[in-house]
Amino acid sequence: MNLNSHILFGIAIGIAFFHNIDIAILIGIGAALPDLDREYILTNKLSLAKHQLHRALFHNIFFALLIYLLNQYLGIGVILHILLDMLTSPADRGVEVLFPLGRLINDFHLDYDGIIKDKKGLLWYIEDPMRIIRITSDKDLIPSSSKSPWIRVYGPFKNSRIADWTIFYSSILFLILFNIDKLQIFSIQLIYSMIKYSPLILGIILFYTGGEIWRRKFQRTGKYRNMVAIIMLIGVAFLLYGIKMSISTLPFFSESSLKLGITSLISIIIGFIIAYIHVKKRHKLAIM
C-alpha cells in the first residue's frame, strides 16, 4: 500500500475509535514507521535484492511490539500498516510477519511441483511463490537468488491500484463527513496537532524524501551518497526526538502496556521453543 494510504487510514481509525485528534495524528505517524525499511539503506540494489529487508525488518510483530512499548498509539499505527500490507500480492512481497524468526528456516519440505524434500532443520511446508515474484515484481524488488526460503503473508491486492486508492480516498471522505458539522474546528485542531508533533512529521518527511531521491536518482551511480545520508540521518534524529517527546508529554505509556508487551514477547519465544520440541519429537521433522 502507498504511504499516504497508510497514514490517512491510521488517522481515520484514530478519529473513529478514539475521537481524539492528537491520538489520531500519532496513529497516522506510527503507520508511516514500518516503511523505514524501504530500499533506502544507501547500498546497491543487488545487496537489497539478496537480503529482501523491505516488508520484513520493520513489518513484523516484534517491531510493532517495540513501538507499542514506547507509545501505544504509535504501535497501533504500525500494526495497522502491517495489516494493510498483508493484503498485498506476492509481486509487492506481502509481509514477513515473523522476521527474524522466519530467517532461521532455509528450505522447504514440499514445493509447488509436489516434490518432497527430506532435510534437517526448520522447514516450510510449501515453497514461497518465487516464480510469480520474479516475473511480476518491479525490477528493483526482484530477489537475486533463485528462491526466498522465508515465507511472507500475501493477499490479492496490488500496490497503487484500486484497493490502495480506495483506502486513501475513503479515509479522506470519512474524516470530512465524520466531522462535517464542525469541519472548521476540526481542521484547526488537526493543524495544531501536526505542529505539536512536527518533529515526528519532519523526521518522516526528511527520511523518505532523502530515500526517494536516492532510490530514483542516484542509487545506480552512487552520486551524492553522503549528502543523502546526512538528510536521512537528520530525519532519523528528528524521529527519535519526536518519539521521546511523545512519551514524556502525554500519558500514553502505562504499566498495563508494559506488562502486555513483555508478556507477549516472552510467551511467543517460549511458546516457539516448546512447539519446536513437541513437533520435532512427534513427527521427526521440524515443519512450520
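A few comments on the model shown:
- Neighbours by Cβ (under 8 Å, 6+ apart or cross-chain): first from segment 259-284, under 13 Å from LEU122 (Cβ atoms); second surrounded by 10 or more Cβ atoms within 10 Å (Cβ to Cβ): PHE272/LEU101; TYR276/LEU122; TYR276/ALA286; VAL279/LEU285; VAL279/ALA286; VAL279/ILE287; LYS280/ALA286
- Answer from ASP140, ASP128 - the residue that is of a type in the set (D, E, K, R), part of a loop (DSSP other than H, G, I, E, B) and at pLDDT below 70: ASP128
- Enumeration of residues in segment 1-13 that are touching a residue at least 60 places away in the same chain (Cβ under 8 Å) and either in a helix (DSSP H, G or I) or open to solvent by 30 Å² or more (accessible area, probe 1.4 Å) (or both): ASN2, LEU3, ASN4, SER5, HIS6, LEU8, PHE9, GLY10, ILE11, ALA12, ILE13
- Contact map, segment 58-79: residues that are farther than 20 Å from PHE17 by Cβ paired with residues that are at pLDDT 85 or above and outside any helix (DSSP H, G or I), Cβ distance under 6 Å, separation 6+ or inter-chain. Pairs shown: HIS59/VAL95; ASN60/VAL97; ASN60/PHE99; ILE61/VAL97.
- Of the helices (runs of 4 or more DSSP H) lying entirely inside segment 19-99, those carrying at least 3 residues that are at pLDDT 80 or above and touching a Phe, Trp or Tyr at 6+ places or on another chain (Cβ under 9 Å) are 21-30, 61-70, 72-85.
- Residues being under 22 Å from the mean Cα position of the chain (by Cα), more than 28 Å from GLN72 (Cβ to Cβ) and free of Cβ contacts under 8 Å to residues at least 24 places away in the same chain - total across segment 213-250: 2
- No other residue among LYS147, LYS217 is modelled with pLDDT under 85, open to solvent by 50 Å² or more (accessible area, probe 1.4 Å) and not in a helix (DSSP H, G or I) apart from LYS147.
The values are calculated or read from the model by the stated rules, or taken from the named source; none is laboratory data. All figures in this text were calculated on a predicted structure; none of them were measured in a lab. Please note: Cβ atoms are built from the backbone with ideal geometry, for glycine as well, and neighbour counts cover all protein chains shown. The area values use the complete protein model at the heavy-atom level, side chains included, leaving out ligands, DNA and RNA. Shrake-Rupley method; radii C 1.70, N 1.55, O 1.52, S 1.80 Å.
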